[in-house]
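Here is the structure we will look at, set down as structure tokens.
The values are calculated or read from the model by the stated rules, or taken from the named source; none is laboratory data. Note that the coordinates shown come from a computational prediction; the quantities given were computed from them, not determined experimentally. In this analysis, Cβ positions are derived from the backbone assuming ideal geometry, glycine residues included, and neighbour counts consider all displayed protein chains.
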Amino acid sequence: MTIKEQILQDIQSIGSSRLLFQIWEFIHLLQKNLKKEKGNRDQVLSFAGTLSDEEALAIQADVDAEFSRIEGDW
């Protein structure tokens, strides 16, 4: 039995309409939060492999040169 089937079986055994409503609200809250977490992973991954090794090393060197030191008093 899959987890989905187990959940459905457990829900079907609940007799309290109040408890079922709370479960329904919780499920909708989860679905709402899942939509927010989608993010832009697919868009970012579409750029994978577009830089050559030389370009990537040049960018890495520039970032290290510009951001690896602290300026001013700390």
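The set of residues from the range 7-24 being charged (D, E, K, R) and surrounded by 10 or more Cβ atoms within 10 Å (Cβ to Cβ) comprises just one member, ASP10.
Considering only the range 47-72, state which residues are among the polar types (S, T, N, Q), at pLDDT 90 or above and part of a loop (DSSP other than H, G, I, E, B). Matches in the range 47-72: THR50, SER52. Pairs are defined by a Cβ separation below 8 Å, a sequence spacing of at least 6 or placement on different chains, a first member in the range 27-56 that is of a type outside the set (S, T, N, Q), and a second member that is part of a helix (DSSP H, G or I); the pairs so defined are LEU51/ILE59.
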